[in-house]
Amino acid sequence: HILSLINALADSHSLSLEQYAELIEARAPETAALLAQKAVAARKAIYGNDVYVRGLIEISNICKNDCLYCGIRRSNKNCDRYRLTKEQITDCAAEGYRLGFRTFVLQGGEDPYYTDNVLCDIVSELKSIYPDCAVTLSMGERSRESYELLRRSGADRYLLRHETADKAHYESLHPNDMSFENRMRCLRDLRDLGYQVGCGFMVGSPNQTSNTLAKDLKFIEGFKPDMCGIGPFVPHKDTPFRDHPPGTVELTCYLLSIIRLIHPPVLLPATTALGTIHPEGREMGIKAGANVVMPNLSPVSVRKKYELYDNKICTGEESAQCKDCLSARMESVGYHIVTSRGDVRRQK
Ligand code: 5AD
Ligand code: FES
């Protein structure tokens, strides 16, 4: 029966909510291996053995939100706050460009300092120095007008994890000054405005069930995101979820395979969080169907401060060259990193 579900998923890229929940419940080493094999075949047909790199620049850990899971939430008084200047950001990009990166991801908390003027100025500066590069923003919820101005300034892509497609679950992870409806509104606006859009969620977040995960999968099936960020929840010691257990590598990889089969062209990162809960987590993610890695390009001096969860990797002096580290890791499992812009292949 499970085999027929997996075949149906691989052939029609769709299952019912109940079937997704069933497939999640049926996770076992054999089902995982079969899903991974089909996911890798689906990815290979579109992207070969290429793994795309994105240079991640963590521009600010100041945030007006108070998400219960997040280490940079506004209530965390132990967080040492920083914000990069425009010059620091262009310096990171220059170093990245020299190393071959052609996509820069600017990620940060919802820091009110980044008004439309400030952020548009940074984006247009990067696009004028590096017209051959893609600029991806991951700066949280903003107004439609703001997304429109940023798009006009040259931003190509936007990452905004939906976090969970179940409203009650969303509300259990966020205080009530945030809403599920606004999150979804942002994703629709970004899509409308012509961005390549990424959604995503944490695996093993508190109150997550097979049913909420099935809703995430059904949402992804309908939304068909260009990118999808899936990583394990990892507790942070200064948050209300400090004692909650982390998500597992096994379930994360299982979901990566399923998402690859739901939407074969999706750009799917093997995340830093996955590399944090297991020393070979990112390699395992690639072997399950992921095809993107995001080495850290932030100044080493601030990396420790952008701590969304405990024990985040790539924060020490030894991680100055994440690109080389990740290249070696990808080669070790038979893949190789490509440094082109790596736009999503929309045709199937
Ligand atoms: N564990 C794992 N991922 C986290 N994020 C935030 N806090 C944590 C955590 N404790 C993820 C969220 C957010 C992204 C930038 O990082 O999904 O969207
Ligand atoms: Fe950052 Fe390995 S990827 S140190």
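The values are calculated or read from the model by the stated rules, or taken from the named source; none is laboratory data. All values reported here derive from a predicted model rather than from experimental measurement. Neighbour counts run over all protein chains shown; Cβ positions are idealised from the backbone, glycine included.
Of all the residues that make up region 234-286, how many are of a type in the set (Gly, Ala, Ser) and more than 30 Å from Ala8 (Cα to Cα)?
2
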_Just to verify a result, which residue in region 308-319, among those that are touching a residue at least 24 places away in the same chain (Cβ under 8 Å) and surrounded by fewer than 18 Cβ atoms within 10 Å (Cβ to Cβ), is nearest to ligand 1 (Cβ to nearest atom)?_
Asp310
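Which is within 14 Å of ligand 1 (Cβ to nearest atom), modelled with pLDDT of 95 or more, farther than 21 Å from Leu56 by Cβ and of a type in the set (S, T, N, Q), of Thr209, Thr248, Thr252?
Numbers: Thr209 fails: within 14 Å of ligand 1 (Cβ to nearest atom); Thr252 fails: farther than 21 Å from Leu56 by Cβ.
Matching residue, one of Thr209, Thr248, Thr252: Thr248.
Would region 203-211 turn up any residue that is of a type in the set (Ser, Thr, Tyr) and surrounded by fewer than 20 Cβ atoms within 10 Å (Cβ to Cβ)? Lay out the reasoning, then the answer.
The initial filter retains those residues of region 203-211 that are of a type in the set (Ser, Thr, Tyr), namely 205, 209-210.
Those left that are additionally surrounded by fewer than 20 Cβ atoms within 10 Å (Cβ to Cβ): 209-210.
Looking for residues that are of a type in the set (Ser, Thr, Tyr) and surrounded by fewer than 20 Cβ atoms within 10 Å (Cβ to Cβ), one finds at least one in region 203-211, hence yes.
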*Is it the case that region 320-334 has a residue that's away from ligand 1 (no atom under 16 Å from the Cβ), closer than 30 Å to Arg74 by Cα and in a loop (DSSP other than H, G, I, E, B)?*
yes
*If Tyr158 satisfies every condition in (1) buried (at least 22 other Cβ atoms within 10 Å of the Cβ); (2) out of contact with any strand residue (DSSP E or B) (no Cβ under 7 Å at 6 or more places or on another chain); (3) over 30 Å from Leu5 (Cα atoms) but one, which is the exception?*
(2)
*Take the residues in region 281-307 that are surrounded by fewer than 21 Cβ atoms within 10 Å (Cβ to Cβ), part of a loop (DSSP other than H, G, I, E, B) and in contact (Cβ under 8 Å) with a residue 24 or more places away in the chain, then tell me which one is farthest from ligand 2 (Cβ to nearest atom).*
Lys305
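Let me confirm something: among Phe241, Phe233, Phe223, which residue is crowded, with 17+ Cβ neighbours inside 10 Å, aromatic (Phe, Trp, Tyr), on the phi < 0 side of the Ramachandran plot and more than 10 Å from ligand 1 (Cβ to nearest atom)? Walk me through how you get there before you give the answer.
On the way: Phe241 fails: more than 10 Å from ligand 1 (Cβ to nearest atom); Phe233 fails: more than 10 Å from ligand 1 (Cβ to nearest atom).
Matching residue, one of Phe241, Phe233, Phe223: Phe223.
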_Residue under evaluation Leu274, criteria (1) in contact (Cβ under 8 Å) with a residue 24 or more places away in the chain; (2) more than 16 Å from ligand 1 (Cβ to nearest atom), criterion not met_ = (2)
*For region 53-87, name all the residues that are assigned to a loop (DSSP other than H, G, I, E, B), surrounded by fewer than 18 Cβ atoms within 10 Å (Cβ to Cβ) and of a type in the set (D, E, K, R).*
Lys64, Asp66, Arg74, Lys77, Asp80, Arg81
